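The structure under discussion appears below in the form of C-alpha cells.
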Amino acid sequence: MDSAQRHQQIVTLVRERGLIEVQWLAEHFGVTPQTIRRDVEELSQRSLVRRFRGGIAAPSSVENLAYGTRKLLMAEEKRRIAELAAAHVPDDASLFVNIGTTTEAVAQALTGHSGLRVITNNLNVANILHNSTRFALTVAGGQVREHDGGIVGPATIDFIRQFKVDIGIIGISGIDSEGDLLDYDYQEVRVARTIIENSRRVFLVTDHTKFGRSAMIRLGHVGEVDDLFTDLAPPAPLAEVIEQTGCRVHVAGTAADGRPAAVQAEPR
C-alpha cells in the first residue's frame with residue numbers, strides 16, 4: 001500500500017470512528033508510529049483530520065475550508081476529474097455549472113468545446129468562460145458571496161427554475177457511507193437542489209477526500225446523480241450503495257502519457 005492509499009484509508013477510518021490513536025493506526029497498517037505521524041502531519045495540513053495528543057479526530061462538520069485553501073487542495077486530481085467530465089459533455093449542450101473549485105476546473109476544461117449554452121451561479125466560472133465567443137453564457141442573479149464568488153439566495157433559485165438544461169454539473173463537500181450528499185451552506189444547498197431538479201442529467205464532480213466527509217446539511221442522495229466523476233474508486237460501503245442506485249462512476253486515473261485514463265461503470 002502506498003502513502004496515498006494509506007492516507008485515503010486513514011481519512012475514511014477517522015470519519016467512521018471519530019477518534020483514533022496513532023499507535024492503533026500503526027498496528028492497523030503495519031507501519032511505524034513515525035510513519036503514521038508523518039501521515040497525520042500531511043493530512044492535518046490539508047485539513048482532512050484534526051490532531052490531538054497521541055491521535056487524530058475528524059475535521060469540523062460545521063464549517064468548510066477557506067476558498068483559497070480549497071482551491072489549492074487536490075488541484076491535480078481536480079484537473080483530471082474535470083477533463084474526464086468535460087469529455088462527456090457534447091458540443092451544443094445546455095449546462096448548469098454550480099459553485100465549487102472542482103466545477104471551476106470543469107469550466108476550464110470546457111473551453112475547447114463549441115456551441116455550449118452555460119448558466120452559472122459562480123462568478124469564477126463566468127470569468128473563465130466569458131471570453132469564449134463559442135458559448136452563450138448566462139449568469140444567475142442573486143446575492144454574491146464575497147469569499148468565493150458564489151451567487152445564492154431566493155432570486156438565484158427563481159432564476160434557475162426558468163430553465164431546463166441537458167446537464168447540471170455540481171460539486172459537494174461530503175458523501176457519507178449511506179450515499180447522502182452533504183454540504184455546509186443552506187443557501188448553496190437550496191440552489192444546488194434546484195439545479196438537480198431542472199437538469200435532464202446530473203454530473204457530480206468530486207475528489208476522493210469527500211468520501212466519508214461529514215457536513216451538517218443534506219443536499220440529497222447519490223441516487224439522484226446520473227454520473228459521478230472522481231479520482232479514486234469510492235470505498236466499499238459507499239460503492240455498494242452507488243451500485244444499487246445505478247449511478248455511473250467514472251474514475252480519472254493517469255495514463256502512461258500523463259492524460260486522464262477513465263475506469264467507468266456500466267451504464268444503466
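The values are calculated or read from the model by the stated rules, or taken from the named source; none is laboratory data. Everything numeric in this text was worked out from a predicted model, so none of it was measured. Backbone-built Cβ (ideal geometry, glycine too); neighbour counts: all protein chains shown.
Looking only at residues in the stretch 210-237 that are of a type in the set (A, V, I, L, M, F, W, C) and surrounded by 20 or more Cβ atoms within 10 Å (Cβ to Cβ), the one that is modelled with the lowest pLDDT is 215. Cβ-Cβ contacts under 7 Å between residues 6 or more apart (or on different chains), taken from a first residue in the stretch 125-137 that is assigned by TED's automatic domain parsing to the domain that holds residue 111 to a second residue that is surrounded by fewer than 16 Cβ atoms within 10 Å (Cβ to Cβ) and part of a loop (DSSP other than H, G, I, E, B), are listed as 134/114; 134/115; 137/130. Please pick out the residue among 20, 36 that is more than 22 Å from the chain's Cα centre (by Cα), among the hydrophobic types (A, V, I, L, M, F, W, C) and in a strand (DSSP E or B). Only one candidate passes the filter, namely 20. Within the stretch 22-64, the set of residues being out of contact with any helix residue (DSSP H, G or I) (no Cβ under 7 Å at 6 or more places or on another chain), modelled with pLDDT under 90 and over 30 Å from residue 147 (Cα atoms) comprises 53 only.
So which residues in the stretch 83-101 are assigned to a helix (DSSP H, G or I), out of contact with any Pro (no Cβ under 9 Å at 6 or more places or on another chain) and over 18 Å from residue 132 (Cα atoms), if there are any at all? Spell out how you get there, then give the answer.
Initial filter on the stretch 83-101 (assigned to a helix (DSSP H, G or I)): 83-87, 101.
So of that shortlist, the ones also out of contact with any Pro (no Cβ under 9 Å at 6 or more places or on another chain) come out as 85-86, 101.
Of everything in the stretch 83-101, those that are assigned to a helix (DSSP H, G or I), out of contact with any Pro (no Cβ under 9 Å at 6 or more places or on another chain) and over 18 Å from residue 132 (Cα atoms) turn out to be 85, 101.
May I ask you to verify whether residue 257 is modelled with pLDDT under 95, assigned by TED's automatic domain parsing to the domain that holds residue 156 and either more than 17 Å from the chain's Cα centre (by Cα) or within 17 Å of residue 77 (Cα to Cα) (or both)? Considered against the rule, which asks whether it is modelled with pLDDT under 95, assigned by TED's automatic domain parsing to the domain that holds residue 156 and either more than 17 Å from the chain's Cα centre (by Cα) or within 17 Å of residue 77 (Cα to Cα) (or both), residue 257 comes out as yes.
Considering 179, 168, the condition of being within 14 Å of the chain's Cα centre (by Cα), under 15 Å from residue 120 (Cα atoms) and of a type outside the set (A, V, I, L, M) is satisfied by 168 alone.
Could you please let me know if residue 13 is modelled with pLDDT of 90 or more, of a type in the set (A, V, I, L, M) and assigned to a helix (DSSP H, G or I)? Write out each step before concluding.
Details: modelled with pLDDT of 90 or more: no; of a type in the set (A, V, I, L, M): yes; assigned to a helix (DSSP H, G or I): yes.
It is false that residue 13 is modelled with pLDDT of 90 or more, of a type in the set (A, V, I, L, M) and assigned to a helix (DSSP H, G or I).
Before we move on, is residue 185 within 20 Å of residue 104 (Cα to Cα) and either at pLDDT 95 or above or not assigned by TED's automatic domain parsing to the domain that holds residue 48 (or both)? The answer is yes for residue 185. Filtered by the rule that a residue be out of contact with any Ser or Thr (no Cβ under 7 Å at 6 or more places or on another chain) and under 30 Å from residue 47 (Cβ atoms), the stretch 137-169 gives 143, 144, 145, 146, 147, 148, 149, 150, 151, 152, 153, 156.
Listed by position, the strands (runs of 3 or more DSSP E) enclosed by the stretch 123-187 that each have at least 2 residues that are buried (at least 21 other Cβ atoms within 10 Å of the Cβ) and not polar (S, T, N, Q) are 165-170, 180-183. Quick one: would you say residue 174 is within 15 Å of the chain's Cα centre (by Cα), touching a residue at least 40 places away in the same chain (Cβ under 8 Å) and at positive phi? No. Exactly one residue out of 114, 214 is hydroxyl-bearing (Ser, Thr, Tyr), in contact with a helix residue (DSSP H, G or I) (Cβ under 9 Å, 6 or more places away or on another chain), in a loop (DSSP other than H, G, I, E, B) and assigned by TED's automatic domain parsing to the domain that holds residue 81, and it is 214.
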